[in-house]
1. Picking from GLY116, GLY121, which residue would you name as being in the same structural domain as LEU86 (by TED's automatic domain parsing) and outside any loop (DSSP other than H, G, I, E, B)?
2. Name every residue in segment 1-44 that is within 16 Å of ligand 2 (Cβ to nearest atom) and not in a strand (DSSP E or B), in order of residue number.
3. Can you give me the ranges of the helices (runs of 4 or more DSSP H) entirely in segment 238-332 with at least 1 residues that are closer than 30 Å to VAL369 by Cα and either in contact with a Pro (Cβ under 8 Å, 6 or more places away or on another chain) or acidic (Asp, Glu) (or both)?
4. When the residues of segment 177-198 are narrowed to those that are buried (at least 20 other Cβ atoms within 10 Å of the Cβ) and of a type in the set (Gly, Ala, Ser), which ends up farthest from the chain's Cα centre (by Cα)?
5. PRO187 is checked against (1) in contact with a helix residue (DSSP H, G or I) (Cβ under 8 Å, 6 or more places away or on another chain); (2) more than 30 Å from GLY349 (Cα to Cα); (3) of a type outside the set (S, T, N, Q); (4) outside any helix (DSSP H, G or I) and fails just one. What number does that condition carry?
6. Select from segment 218-235 the residues that are in contact with a Phe, Trp or Tyr (Cβ under 8 Å, 6 or more places away or on another chain), among the hydrophobic types (A, V, I, L, M, F, W, C) and not in a helix (DSSP H, G or I) and write down the one among them that is farthest from ligand 1 (Cβ to nearest atom).
7. What are the pairs, 6+ residues apart or on separate chains, where a residue within segment 267-279 that is over 10 Å from SER221 (Cβ atoms) has its Cβ under 8 Å from a residue that is in a helix (DSSP H, G or I) and of a type outside the set (Ser, Thr, Tyr)?
8. Select from segment 47-92 the residues that are away from ligand 1 (no atom under 15 Å from the Cβ), free of Cβ contacts under 8 Å to residues at least 40 places away in the same chain and small (Gly, Ala, Ser) and list them in ascending order.
Amino acid sequence: MCRVCGGTVSEFFDFGNQPLSDAFPRPEEIRDEFFFRLAVGICEDCSMVQLVEEVPRDRMFHEDYPYHSSGSVGMRAHFEQTARELIETELTGPDPFIVEIGSNDGVMLGTVNQAGIRHLGVEPSGGVAKLARAGGVRVRNDFFEQSSATEIRAADGPADVIFAANTICHIPYLDSIFRGVDALLAPQGVFVFEDPYLGDIVELNTFDQIYDEHFYLFSVSSVRAAARRFGFELVDVRRLPVHGGEVRYTIAREGVRPVRPAVGELARQEHEQGLVEPSTFERFGTDVKRICGELVDLLRTVRAEGKRTVGYGATAKSATVTNYCGIGPDLIEAVYDTTPAKHGRLMPGSHIPVHSATEFREPYPDYAVLFAWNHAEEIMAKETGFRESGGRWIRYVPGVEIF
Ligand code: SAH
Ligand code: TYD
Ligand code: ZN
């Protein structure tokens with residue numbers, strides 16, 4: 001049943017049993033690993049693409065949640081720019097107030113704080129919330145939902161902007177989110193959120209965007225319908241080049257802001273792309289199977305030649321690739337990553353060891369699968385030594401390729 005409208009969800013791909021994508025076990029913890037059925041479908045009524053099974057939120061977002069938003073130079077720049085834009089366009093009145101849902105380590109609110117603007121991050125994961133506080137950002141260590149939003153409204157007054165990046169798609173209980181936004185948002189305020197875009201996922205075969213935390217894969221058509229359902233209106237959309245293609249949705253109370261032409265334009269484009277057609281998702285499923293087959297064949301071939309193969313970036317996305325395609329330490333000996341909290345741990349499910357990125361060169365392997373493909377430019381720029389040593393990168397989206 002659709003988590004948004006109660007309609008019928010038509011399942012289009014089953015990745016089978018999968019671990020939590022951001023749970024990197026210590027060797028002694030692998031016996032207790034949690035698995036769930038990762039399957040995805042589309043609502044026949046409201047077109048919302050969603051997971052069929054929900055993972056309890058406390059299993060994913062807790063004290064030790066290892067994802068640190070500030071780990072990428074490119075994303076830091078993106079969120080500084082985002083903060084500046086919001087400050088210039090929406091936070092212009094006397095004593096403006098902005099709330100961020102899923103503020104993580106303060107990557108966006110840091111800029112807001114430096115500008116001296118009243119703000120609050122709502123962040124359930126204690127470790128990253130602490131990092132944000134250490135940087136001067138005000139944080140409520142909590143889940144955003146109707147009850148917490150109502151308390152914030154009572155304590156701090158209405159918010160001119162409610163912002164979220166890569167978080168709303170993590171939250172199955174959209175009804176409670178919208179009721180919370182209704183309680184907290186000023187009459188003329190905006191709810192702005194950006195998440196991986198279904199149109200890009202289908203176009204580029206980025207099937208690794210599908211994992212436990214990404215409960216929804218949003219499109220203009222599904223977000224517009226959801227907003228309407230809860231008394232809001234989708235008034236603007238903008239495509240973003242980050243994380244393999246996202247859309248920033250701007251939502252206001254019904255009738256208070258003009259609807260920008262970009263909304264209708266992207267909706268039309270989705271119609272042409274067949275973004276609600278069953279055949280589109282059949283094609284997507286066929287491509288996923290083909291890509292996995294080609295990737296495993298390539299890895300087996302180079303391993304048979306006695307070459308050393310590793311992974312680069314212990315991303316959440318890579319959990320889906322390694323576990324669905326059946327890639328273990330026999331095919332990829334280790335994964336290198338800059339996040340200290342992932343070092344000395346094992347990749348979820350596949351149990352490939354994770355090492356510090358500083359060890360990538362000791363010595364360089366022959367092949368490296370670029371799991372953090374969304375940060376390709378940043379990584380290529382700093383790992384030029386790998387190519388110079390004769391190493392080759394492997395990518396798997398939009399297709400398998402040595403490059
Ligand atoms: N905005 C950051 C972080 C994205 S990761 C960025 O774009 O990089 C998603 C974050 O949402 C995590 O820090 C997680 O703890 C948080 N989160 C998950 N459920 C939430 C909820 N119901 N309310 C607020 N934050 C939530
Ligand atoms: P990311 O692709 O942003 O997200 P997700 O985990 O949601 O799929 O994760 C980037 C990962 O890659 C993160 O663990 C840090 C790592 N990384 C590096 O190791 N080196 C780098 O230069 C960058 C930018 C990221
Ligand atoms: Zn629905």
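The values are calculated or read from the model by the stated rules, or taken from the named source; none is laboratory data. Since the model is a prediction, treat every value here as computed from it, not as a measurement. Positions of Cβ are backbone-derived with ideal geometry, glycine not excepted, and every protein chain shown enters the neighbour counts.
1. On the way: GLY116 fails: outside any loop (DSSP other than H, G, I, E, B).
Result: GLY121 is the single residue among GLY116, GLY121 that is in the same structural domain as LEU86 (by TED's automatic domain parsing) and outside any loop (DSSP other than H, G, I, E, B).
2. Here is the first cut: in segment 1-44, the residues within 16 Å of ligand 2 (Cβ to nearest atom) are 15, 18-25, 38.
Listed by number, the residues that qualify are LEU20, SER21, ASP22, ALA23, PHE24, PRO25.
3. Numbers: elements: 261-273, 278-304, 317-325.
It comes to 278-304, 317-325.
4. Quick first cut of segment 177-198, residues buried (at least 20 other Cβ atoms within 10 Å of the Cβ) only: 177-178, 180-181, 184-185, 189-198.
With of a type in the set (Gly, Ala, Ser) added as a condition, the list becomes 180, 189.
Numbers: GLY180: 22, GLY189: 25 Å.
Out of the qualifying residues, it is GLY189.
5. (1)
6. Top of the filtered list is LEU234.
7. GLN269/GLY199; GLN273/GLY199; GLN273/VAL202; GLN273/GLU203
8. Listed by number, the list is empty, since nothing qualifies.
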